[in-house]
1. Right, B:P110: under 24 Å from A:G106 (Cβ atoms), of a type outside the set (S, T, Y), under 12 Å from the mean Cα position of the chain (by Cα) and surrounded by fewer than 18 Cβ atoms within 10 Å (Cβ to Cβ) or not?
2. Restricted to the stretch B:25-71, and to residues that are within 11 Å of the chain's Cα centre (by Cα) and open to solvent by 40 Å² or more (accessible area, probe 1.4 Å), which residue is nearest to the other protein chains (Cβ to nearest Cβ)?
3. Could you give every pair whose Cβ atoms fall below 9 Å, whose first residue belongs to the stretch A:49-70 and is among the small types (G, A, S), and whose second residue is assigned to a loop (DSSP other than H, G, I, E, B) and open to solvent by 50 Å² or more (accessible area, probe 1.4 Å), counting only separations of at least 6 or pairs across chains?
4. Condition check: within 16 Å of B:G109 (Cβ to Cβ) and more than 14 Å from every other protein chain (Cβ to nearest Cβ). Does B:R22 satisfy that?
5. Please count how many residues of the stretch A:9-32 are at pLDDT 95 or above, open to solvent by less than 60 Å² (accessible area, probe 1.4 Å) and within 14 Å of chain B (Cβ to nearest Cβ).
6. Within the stretch B:72-88, is even one residue within 14 Å of another protein chain (Cβ to nearest Cβ) and either within 11 Å of the chain's Cα centre (by Cα) or crowded, with 18+ Cβ neighbours inside 10 Å (or both)?
7. Please list, ordered by residue number, the strands (runs of 3 or more DSSP E) wholly in the stretch A:23-113 having 1 or more residues that are among the β-branched types (V, I, T).
Amino acid sequence: GQNIDQPTEMTATEGAIVQINCTYQTSGFNGLFWYQQHAGEAPTFLSYNVLDGLEEKGRFSSFLSRSKGYSYLLLKELQMKDSASYLCAVRDGLASNTGKLIFGQGTTLQVKP
Amino acid sequence: DTGVSQNPRHKITKRGQNVTFRCDPISEHNRLYWYRQTLGQGPEFLTYFQNEAQLEKSRLLSDRFSAERPKGSFSTLEIQRTEQGDSAMYLCASSHSTSGTFGGEQFFGPGTRLTVL
């Protein structure tokens, strides 16, 4: 089966650091993506991991451990505009290679002053 | 703007009516995906095109749903005999082929929000 778990909600303070965890069990794997989605808007790409380790991109970093089926998204120096839903998605790696994404339910992050 | 566009942005219809949505992907992208998203959930995969060929359909997609991409450019998603359970945001995304290397990140359109009364 396909299962991707992430916390439903998180709250953090402006200027702080927050880590959003994601665990997955999927029949195929060809990379893990993080997307940001503001209410009523389209998801926008944040980061991609296909090999184990940390990928850093400005205030955002993402980590992957394939053996543990685990990833996290780290947001530093939080700003009010970071209040959004954060979606963890695994790209299908089966022989069909459609590249379809399997999403978790999303983590709603609220940044408070 | 050369991003993914979708029309209409909002659609309200009565149960039993047919609706059609359009997606215009980024022009050089050969892959096109349709997803459905309900409130508080992540997007769910519906169907996938590579160029004009529809290569995969989700088991979630009933016979009332049909999608086309006639010339390998824009795509349409039609829902026949709509039901209240079809109310959702319908998202379109496009990408390059992954070709076994990094790439192929999906760019999403703004979505069409369907409300079935």
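1. Details: under 24 Å from A:G106 (Cβ atoms): yes; of a type outside the set (S, T, Y): yes; under 12 Å from the mean Cα position of the chain (by Cα): yes; surrounded by fewer than 18 Cβ atoms within 10 Å (Cβ to Cβ): yes.
Answer is yes for this residue.
2. Only one residue fits best here, namely B:E44.
3. Pairs that qualify, where the first residue is among the small types (G, A, S) and the partner is assigned to a loop (DSSP other than H, G, I, E, B) and open to solvent by 50 Å² or more (accessible area, probe 1.4 Å), are A:G58/A:K76; A:S61/A:K76; A:S65/A:D52; A:S67/A:D52; A:G69/A:F29.
4. Working: within 16 Å of B:G109 (Cβ to Cβ): yes; more than 14 Å from every other protein chain (Cβ to nearest Cβ): yes.
Against the criterion (within 16 Å of B:G109 (Cβ to Cβ) and more than 14 Å from every other protein chain (Cβ to nearest Cβ)), B:R22 qualifies.
5. Matching residues across the stretch A:9-32 total 3.
6. Kept after step one, since they are within 14 Å of another protein chain (Cβ to nearest Cβ), are these residues of the stretch B:72-88: B:88.
Then keep just the ones that are either within 11 Å of the chain's Cα centre (by Cα) or crowded, with 18+ Cβ neighbours inside 10 Å (or both); that gives B:88.
Looking for residues that are within 14 Å of another protein chain (Cβ to nearest Cβ) and either within 11 Å of the chain's Cα centre (by Cα) or crowded, with 18+ Cβ neighbours inside 10 Å (or both), one finds at least one in the stretch B:72-88, hence yes.
7. Numbers: elements: A:32-37, A:44-49, A:53-57, A:60-65, A:70-75, A:84-91, A:101-103, A:107-112.
So the answer is A:44-49, A:84-91, A:101-103, A:107-112.
The values are calculated or read from the model by the stated rules, or taken from the named source; none is laboratory data. Only a predicted model underlies this, so the values are computations on that prediction, with no experimental measurement involved. Reconstructed Cβ throughout: ideal geometry from the backbone, glycine too, with neighbour counts over all protein chains shown. Note: areas computed on protein heavy atoms with side chains; ligands, DNA, RNA excluded. Shrake-Rupley method; radii C 1.70, N 1.55, O 1.52, S 1.80 Å.
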